[in-house]
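The values are calculated or read from the model by the stated rules, or taken from the named source; none is laboratory data. The shown structure was predicted, so the numbers you read here are calculated from the model rather than taken from an experiment. Cβ: placed from backbone, ideal geometry, glycine included. Neighbour counts: every protein chain shown. Please note that ligands, DNA and RNA were not included when accessible areas were found on the heavy atoms of the full protein model with its side chains. Shrake-Rupley method; radii C 1.70, N 1.55, O 1.52, S 1.80 Å.
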Amino acid sequence: MKIAVFIETHNAQGIRSAKEALTAARSLNAEIVGITTSNADALHQFAEYGLTTCITVSHDLLATYSSTAIASAVAQAAKSANANVVMFGGNASGKEIAPRVAVKLQAGYIPDVVEVQDANGALQCVRPVFAGKAREHVKATTTVTVVTLRPNVFTAKAVGGGAVTTSAFTPELTGNDAKVKTTGVTRNEGKLDVLEADIIVSGGRGMKGPEHFTLVEDLAKPLGAAVGASRAVVDAGWRPHGDQVGQTGKTVSPSLYVACGISGAVQHLAGMSSSKVIVAINKDKEAPIFKVADYGIIGDVFEVLPKLTAKIKEVTGK
Amino acid sequence: MNILVCISQVPDTTAKIVINSAGNAVDPAGIKFILNPYDEYAIEEGLRLREKFTGTVTAVTVGGDSAKEILRTALAMGVDKAVIIKNAEKSDSFSVAKNIADYATTLNPDVILLGRQSIDYDSFQMSGTLGELMNMASVSMVSKLEITGTDVAMERDIEGGKESVQTSLPCVIGVQKGINEPRYPKLPDIMKAKSKPIEEFSPSSQETRVQTITMDIPASKRVGKILGDTDADIAEFVRLLHEDAKAF
Ligand SMILES: Cc1cc2nc3c(=O)[nH]c(=O)nc-3n(C[C@H](O)[C@H](O)[C@H](O)COP(=O)(O)OP(=O)(O)OC[C@H]3O[C@@H](n4cnc5c(N)ncnc54)[C@H](O)[C@@H]3O)c2cc1C
Ligand SMILES: Nc1ncnc2c1ncn2[C@@H]1O[C@H](COP(=O)(O)O)[C@@H](O)[C@H]1O
């Protein structure tokens, strides 16, 4: 198996989902080559995660970020490397580029993968379906397979790397490839996004009103966590739409997910059930959230959260 | 403006999922099917573009006979034309996209609207796959859309913020919650939609590229340690999280 891993940086910072893809690729018995359209100077950040060889793709039309131009360039580079698997982190850009690469390579595309496995030299993947109520084991019937990995599921493991050998590649691109252009990016300043957080503390209708979300924020602070929300509280206007976790919100897999006053409706679970550790605080011992929780407290959030925050502060010293 | 909206029929999110006896698909018996929630935004956006620029809105779905129901919903909301492409028993996202591309080629749309993802298989790929097959620009996760002449300006949701994106018509757009508030069809329109014609289109191929080998129900591997709310419980809870689970 030869796996090409899409190596992405944002402002010269190696992004986590690309490191996770390297870790996933390394778990297979395969030759691995990186493909990047970023500056080669940033590659040492990936050496630590097992990157040893990388194709550096450059072209004038890649100077302005264009998802369609990158898709054309990556497809050509993967072809030149004779890769039979092309792997992307499933972040917003990976999910945008990968399906186009798959069509260009006449490859089967497998999105949102949570497990990879070598089945007699072919890649077999597991992915959650029906809001996580079932899983499917799938493989492509084509020579090449393109996959995106669900973020935060394959924990990026450092292996202590050395140098990265690079080879330059110039794709053939025309203006038609650069149909889509990114003209700007606005960041939610000073606020950690649930998609980027390692720990998430979410509040639901059990918080009783927007003014009580300070209790959730207070708990998030010593944990360095992002604040999430159920749809019920987003619909009620208590929290912004971007905070919503669940089937019609964001799909997250943090290392710790804390649900405060959230019942655990199936649509909420769809967005967080692949979290590594799930914690619930709810006054109803029958709440479905306890069925998926590793640890739980049956109690009133208004009494439990301040005590919990104080105890956690003792441990973290923050 | 010639507008094509792609819609899909999915199980109601609360439906209980049972795997068939062959162990490779979901048993549809007893499942209530609905219009994919994201596709309501796509239909609404299509209707708003028509209100602004005039033209026609066509809704298309790839599915079995029962999928006609969601086309009736689209008709009740106000689309001009509804088309069903009957799919083979074995289909995948590629074959669905290819079927739609075949139809779209005959229609020659200025814009193709889709939902962000279908909530059954969550494959999140249709806009890119269809865009590439049509040799059109594609943008997904769009929460704001502005068309001026042939210029298309959009905002899409990304980790920790928004990305501004530009392209030109014709293009494929996958829309996301936040772009609009879908209208509810009115009762007289629901009644009228029942007798409107639904066109059938036969696709040229049923090529698939991904195969489901098996399907299963995940076993819960959760610790399931549930405590009370005394001070001692809370102290033990924090210790478990910190020392046993090493969660922070
Ligand atoms: C198509 C569709 C898509 C959806 N998508 C999403 C989605 O993406 N995300 C999502 O979250 N939901 C989604 N939903 C909604 C979902 O079905 C639930 O309605 C929602 O998750 C409920 O939110 P909640 O848990 O905050 O509220 P509730 O279900 O009302 O639960 C509140 C919980 O708080 C507990 N509680 C109350 N007071 C206290 C207290 N003082 N102390 C401790 N606990 C207390 C209660 O016991 C209860 O369990 C979707 C629904 C549909 C139909
Ligand atoms: N069978 C189908 N027929 C028509 N459109 C579909 C079908 N499946 C998916 N789509 C469209 O593609 C979008 C994204 O779906 P997916 O990529 O499958 O998650 C949906 O929101 C629909 O707009």
What average count of beta carbons from other chains do you get within 10 Å of the Cβ of residues in B:40-49? 0
Among the listed pairs A:Lys191/A:Lys250; A:Lys208/A:Lys285; A:Lys19/A:Lys291; A:Lys95/B:Lys162; A:Lys313/B:Lys246; A:Lys95/B:Lys90, which are separated by more than 22 Å between their Cα atoms? A:Lys19/A:Lys291; A:Lys95/B:Lys90
With contacts defined as alpha carbon pairs under 8 Å and 6 or more residues apart, what's the relative contact order of the stretch B:2-201 in percent? 26 percent
Accessible area of the stretch B:1-143 divided out per residue, in Å², using a probe of 1.4 angstrom: 35 Å²
Can you give the average number of partner chain beta-carbon atoms within 10 Å of each beta-carbon in peptide A:177-184, as a whole number? 6
Looking only at aspartates and glutamates whose Cα falls under 14 Å of B:Lys68's and that sit 8 or more positions away or on another chain, we get B:Glu199, B:Glu200
Averaged over B:111-123, number of beta-carbon atoms from partner chains that fall within 10 Å: 4
Among DSSP beta bridges whose residues both lie in the protein assembly as shown, state the antiparallel percentage, nearest 5. 35 percent
Among bridges DSSP assigns within chain B, what percent are antiparallel (round to 5)? 40 percent
So what are the three principal axis dimensions of the stretch A:2-178 from its Cα atoms, in whole Å, longest to shortest? 45, 39, 29
Computed over the stretch A:151-230, the distribution of all Cα-Cα distances in 5 Å bins, rounded to whole %, is 3, 10, 13, 12, 11, 11, 13, 10, 7, 6, 4, 1
Measure of exposure for B:Arg48: accessible area at 1.4 Å probe, Å² rounded to 10, is 90 Å²
If each part is reduced to its alpha-carbon centroid, the stretch A:227-251 and the stretch A:42-87 end up apart, in Å, by 35 Å
Among B:229-236, A:308-315, what's the highest-first ranking by average C-beta atoms within 10 angstrom per residue? A:308-315, B:229-236
Among DSSP beta bridges whose residues both lie in chain A, state the antiparallel percentage, nearest 5. 20 percent
Given Cα pairs under 8 Å that are at least 6 residues apart, what percent is the relative contact order of chain A? 15 percent
Rg (one decimal) and Dmax (whole number) from the Cα set of the stretch B:1-126, in Å, equal 14.8, 51
Treating chain A as a set of equal point scatterers at the Cα positions, no solvent, please give the Debye-formula log₁₀ I(q)/I(0) at q = 0.16 Å⁻¹. -1.24
Ignoring solvent entirely, what values of log10 I(q)/I(0) come out of the Debye formula for chain B at 0.14 Å⁻¹ when each Cα is a single scatterer? -0.93
P(r), alpha carbons of the protein assembly as shown - 10 Å bins starting at zero, rounded %: 3, 18, 27, 27, 18, 6, 1, 0
Leaving ligands and nucleic acids out of the surface, order B:Ser140, A:Ser273, B:Ser21 by accessible area at 1.4 Å, largest first. B:Ser21, A:Ser273, B:Ser140
Normalised by the number of residues in the stretch A:199-316, what is the relative contact order in percent for Cα pairs under 8 Å and 6+ residues apart? 26 percent
